[in-house]
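Structure first, commentary second.
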Amino acid sequence: MTQPPALANDSGVRQRSVIRRARKLLALLSLASLAFVQSSPVHADVIVGRVIRVIDGDTLLMQANDNLRQSVRIGWIDAPEPAQPYGREAREYLSRLVSGGDVRAECPKLDHRTSVVCKVWARPTDCETCARTIDVGLAQVAGGMAWWHRRYALEQPAEDRARYESAEQAARQGRRGLWAGKNPLPPWEWRRER
């Protein structure tokens, strides 16, 4: 038995009405979740462990306390490549900074390879019981062993941006590390020329 045309039509109207309400609800839920995500602080994975190897002036190989190994790029800096002037010195300087035991890496993102990009904290080398209070990236910049990488500045908290910029200016003015040379070539330009 077929339904009268009036009832069949009514059913289609109800169905369209339900679909419209579902779409509106979905749109509201999407907006609410977007507002929540934007108001939430940036999530960062944390790795605590020891440095197995210093690869170069801005990259470490860490072994976490759960025995997993992870390549860690120090965020917001770019150190000279090993074949560049001050490349070896930058690596050695970083080795000294992280030689005080375990480190803590706060990692908000992956880089374009397989490393995580992290803010790395180390203990002072002369105090095994001290907290991890040395921002390794900032120390590399302040020592004239790395550039503050302005390209990624907006990914960095505002107070860190100010510290890194100031540290680089002081290293330049004091002619520390790579700033002692004439016209040091930033690693991103050096890589582009290769």
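The values are calculated or read from the model by the stated rules, or taken from the named source; none is laboratory data. Not measured: the values here are computed from a predicted model. Counting neighbours? That spans all protein chains shown, and the Cβs are built from the backbone with ideal geometry, glycine included.
Among residues that are at pLDDT below 95, crowded, with 19+ Cβ neighbours inside 10 Å and among the hydrophobic types (A, V, I, L, M, F, W, C), Val103 is not included.
Yes/no matrix, rows are residues, columns are (1) at pLDDT below 95; (2) surrounded by 20 or more Cβ atoms within 10 Å (Cβ to Cβ):
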site	(1), (2)
Ala122	no, yes
Ala131	yes, no
Asp135	no, yes
Glu155	yes, no
Ala170	no, no
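In the stretch 139-150, the count of residues that are under 22 Å from Leu61 (Cα atoms) and modelled with pLDDT under 95 is one or more. Scanning the stretch 134-169 for residues that are assigned to a helix (DSSP H, G or I) and among the acidic types (Asp, Glu) turns up Glu155, Glu159, Asp160, Glu165, Glu168. The C-beta contact set for the stretch 176-194 (first residue assigned by TED's automatic domain parsing to the domain that holds Asp78 and free of Cβ contacts under 8 Å to residues at least 60 places away in the same chain, second residue among the small types (Gly, Ala, Ser) and in a helix (DSSP H, G or I), distance under 9 angstrom, 6+ apart or interchain) comprises Arg176/Ala142; Arg176/Ala170; Trp179/Ala171. Of all residues in the stretch 42-93, those being basic (Lys, Arg), in contact (Cβ under 8 Å) with a residue 12 or more places away in the chain and surrounded by fewer than 18 Cβ atoms within 10 Å (Cβ to Cβ) number 2.
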